[in-house]
Amino acid sequence: MVTLAKTGNEVMAEAMRQIDPDVVAAYPITPATEVVMIFAQFVADGLVGTEYIPVESEHSAMSACVGAATTGARVMTGTSSQGLALMYEILPIASALRLPIIMCEVNRALSGPINIHCDHSDTMGCRDFGWLQIFSENAQEAYDNVIQAVRIAEDPRVMLPTMVTTDGFIISHCMEKVEVLEDKVAKDYVGEKKSPYSVLDVDKPVTIGALDLTDYYFEHKMPVIQAMKDARQVILEAGKDFGKRFGRPYGFFEKYKLDDAEFAIVALGSTCGTARVAIDELREKGIKAGMLKLRLFRPFPAEEIAEALSQVPNIAVLDRSDSFNAQGGPVFTEVRSAMYNRNAKIINYVYGLGGRDINVAQIKEVFCQLGRADKMPMVNYLGVRE
Amino acid sequence: MKQEILEIRWHGRGGQGAKTAALLFADAALTSGKCVQAFPEYGPERMGAPVAAFNRLSDQPITLHCSITEPKIVIVLDATLMGKVNVIEGLPADGILIVNTTDAPAKVRESLKLKGSRVFTVDASGISKQSIGRDIPNTPMLGALLKASGILDFSATLAETETKLKKKFASKPEVVEGNLQAIRRAHEEVKGE
């Protein structure tokens, strides 16, 4: 283990170097540019054996990833916001074909208005496309999650594409203390890619991407549905083994001072780090505040979340995107659905759209308002001017 | 107990190296065993436009990821920003302001109508032109910061910076010595009131 000062983008590129994928196809976009830029330098310097395909758009990037992955190659890419949106057409094809492509995604608001800062609207826009989605609180988790993602995605029980996200600029461009594994132990953990078929294997011909109408489409979707369910066990195993080997265990989520909490928030990403400070300050005043930091959004660990929150009477779900469904953000609707038939009061805060800062005082105010949750609207908007 | 975190804000213009200075400083602080953060003002940066960069330092892990609004130390790489950007915004009464200028600290204090805080000045541009051959004030300001704040051991930090610069400028070794000289000179020449 080496301790380094690295940004979120730098450690994602570093993880990619250690994974040494067969193919990377990417088109740069702020704030994810550095991920593939640094990786391209690794390719140019001969530090990896990767075939790097500099394509002319993100649509082509994901198309090239799909094509490469059908040969059995280990394939990675990186993107953000509009770039991810341009990939949308191809993303469900990757999952339907059971191609474990790994994406380093840097969360950035979708246009418009045009904006380059962090919110989660880009990945929330493709949450139902059959990709696993793993969020990171900081650069350390970004690194750890990318390493784990390969093993999870390529597990025969899963074989689904996976995106690991960081908060744009807040994590992608923040240099922090990070512990990076030795190359060999990282490679040992990730393992060799095993593929059930290759489109280039002429002795075992396969048909890929065939037309599938009312006759078999449904049957061909069922394995994807099942794999997403089975992924939960694989994610737990990978996180546990990671902890055993390197001292940093991972699960579906992290409980922070949650067990005796009377007031809890549920959140994703970098905000959870700021929330720890707010919770510590409230605890010093005797207020039983806590947090469920969600790491895994797809598949959504509904039962486990409901269990973890079962003793908490007042819950605020923080969403860094809105669903424009007139009933709350995507994390809120999932958590509330998971908590159906439970007795908790659950309210929603949409915050941080387009990179709007969220600070300790605002999070403390959320806890304060949870004290009168009965009188609060179901959906609230935090840090926005009237 | 509330965690002690030192927060720093760097003001400069795009191209002057405010972000690089914050990164170099964080890297050096990490080597001395501190937990660190360094991040630029989030935005599209343009050459010559006002930019800012930030540091957090602590003995414990830093989990905060919100912006810095009340920095203990403010460093101004370009004195022409004063009056255009509110460089003393959020600076507390026990704060430290370090400005790259040939003016004396008292004159800077007067021009900013600053009450409280300690003011330091150093001709980082002049030092940079003589030592490095170009007006790149960020590395000399690192020397001034170390002197004014006393937060890190100077010789250890200088040695660490040397290692980092040698790696960054492997093909231009002459740049390294110039930068180190600039840091040493600014460390000696910075004036406080």
What relative contact order, as a whole-number percentage, does chain A give when Cα pairs under 8 Å and 6 or more residues apart are counted?
-> 16 percent
Solvent-accessible area buried by B and A, counting both chains, probe 1.4 angstrom, square angstrom | 1800 Å²
14 Å beta-carbon shell around B:Val190, net charge (K/R +1, D/E -1) = 0
Over the stretch A:271-386, calculate the relative contact order: mean separation of alpha carbon pairs under 8 Å at least 6 apart, over the residue count, as a percent.
-> 28 percent
Looking at the stretch A:289-386, which trypsin sites (Lys or Arg not before Pro) are DSSP coil and have at most 12 other C-beta atoms within 10 Å of their C-beta?
-> A:Arg372, A:Arg385
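Which whole-number percentage describes the relative contact order of chain B, with Cα contacts under 8 Å and a sequence gap of 6 or more?
21 percent
How high is the FRET efficiency from A:Lys184 to B:Lys129, r the C-beta distance, R0 41 Å, rounded to 0.05?
On the way: r = 47 Å, r/R0 = 1.15.
The calculated FRET efficiency here is 0.30.
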Subtract the Cα-Cα distance of A:Leu213 and A:Ala302 from 0.36 nm times their separation in residues, and report this length gain in nm to one decimal.
-> 28.8 nm
With only helices counted (DSSP H, runs n ≥ 4, each -39500 (n - 2.57)), the per-residue ellipticity at 222 nm for chain B, to the nearest 500, works out to -12000 deg cm²/dmol
What translational D, rounded to a whole number of µm²/s, comes out for the stretch A:253-382 from Stokes-Einstein when the hydrodynamic radius is the Kirkwood one over Cα pairs, at 10 °C and 1.306 mPa s?
-> 111 µm²/s
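Would you calculate a helix-derived [θ] at 222 nm for chain A, using -39,500 (n - 2.57) for each DSSP H run of n ≥ 4 and dividing by the full residue count, to the nearest 500?
Only helices count here, giving -11500 deg cm²/dmol.
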Normalised per residue, the volume inside the convex hull of the alpha-carbon atoms of the stretch B:78-186 in Å³ amounts to 105 Å³
Looking at the square roots a ≥ b ≥ c of the eigenvalues of the Cα gyration tensor of the stretch A:65-197, which shape do they give, rounded for a/c under 1.5, prolate if a/b is larger than b/c, or oblate?
-> oblate
Distribution of pairwise C-alpha distances over the stretch A:2-246, 5 Å bins, in % = 1, 7, 14, 19, 21, 17, 11, 5, 2, 1, 0, 0
Of the convex hull enclosing the alpha-carbon atoms of chain B, the direction-averaged projected area in nm² is 10.6 nm²
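How much net charge surrounds A:Gly239 when only other residues with a Cβ under 13 Å from its Cβ are counted (Lys, Arg +1; Asp, Glu -1)? Mind dumping the intermediate values first?
On the way: positive: A:Arg151, A:Arg232, A:Lys240, A:Lys244, A:Arg245, A:Arg248, A:Arg295; negative: A:Glu141, A:Asp144, A:Asp155, A:Glu237, A:Asp241, A:Glu254, A:Glu304.
The answer is 0.
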Column: log10 I(q)/I(0), Debye, Cα scatterers of the stretch B:68-127, q = 0.16, 0.17 Å⁻¹ | -0.43, -0.49
Alpha-carbon centroids, the stretch A:1-51 and the stretch A:193-271: separation in whole Å = 23 Å
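Would you count, across the stretch B:81-193, every pair of lysines whose alpha carbons are under 15 angstrom apart, provided the pair is eight or more residues apart or spans two chains?
5
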Threshold 20 Å², the stretch A:103-147 residues less accessible with all protein chains present than alone (1.4 Å probe) | A:Ile116, A:His117
Exposed-loop cut sites defined as trypsin sites (Lys or Arg not before Pro) in DSSP loop states with at most 16 other Cβ within 10 angstrom; longest site-free run of chain B spans B:135-193
Mind checking which lysines have their Cα closer than 18 Å to the Cα of A:Lys193? Skip sequence neighbours fewer than 8 apart in that chain.
-> A:Lys184
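First select every other residue whose beta carbon is under 15 angstrom from the beta carbon of A:Tyr189; then total the charges, Lys and Arg +1, Asp and Glu -1. Display every interim value, and only then the final one.
Working: positive: A:Arg17, A:Arg74, A:Arg151, A:Lys184, A:Lys187, A:Lys193, A:Lys240, A:Lys244, A:Arg245, A:Arg248; negative: A:Glu14, A:Asp20, A:Asp144, A:Glu154, A:Asp155, A:Glu179, A:Glu182, A:Asp183, A:Asp188, A:Glu192, A:Glu237, A:Asp241.
After counting each charged neighbour, the total is -2.
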Indicate the gyration tensor shape class of the protein assembly as shown (rounded, prolate or oblate), computed on the Cα atoms with a ≥ b ≥ c the square roots of the eigenvalues: a/c under 1.5 is rounded; otherwise a/b larger than b/c is prolate and the rest oblate.
-> oblate
Run the accessible area of the stretch A:277-317 with a 1.4 Å probe and give the carbon-and-sulfur part as a rounded percent.
-> 47 percent
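Using only C-alpha positions, report the orientation-averaged shadow area of the convex hull of the stretch B:31-90, nm², one decimal. Working shown, then result.
On the way: hull surface 21.0 nm².
Projected over every direction and averaged, the Cα hull of the stretch B:31-90 covers 5.2 nm².
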Taking a cut-off of 12 Å between Cα atoms, list the aspartates and glutamates near A:Lys221, but don't count ones fewer than 8 places away on the same chain.
-> A:Asp212
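The values are calculated or read from the model by the stated rules, or taken from the named source; none is laboratory data. As the structure is a computational prediction, the values presented were derived from the model and not from experiment. Heads up, the Cβs are rebuilt from the backbone with ideal geometry, glycines too, and the neighbour counts pull from every protein chain shown. The protein model used for the area step is the full one, side chains on, heavy atoms only, and it has no ligands, DNA or RNA in it. Shrake-Rupley method; radii C 1.70, N 1.55, O 1.52, S 1.80 Å.
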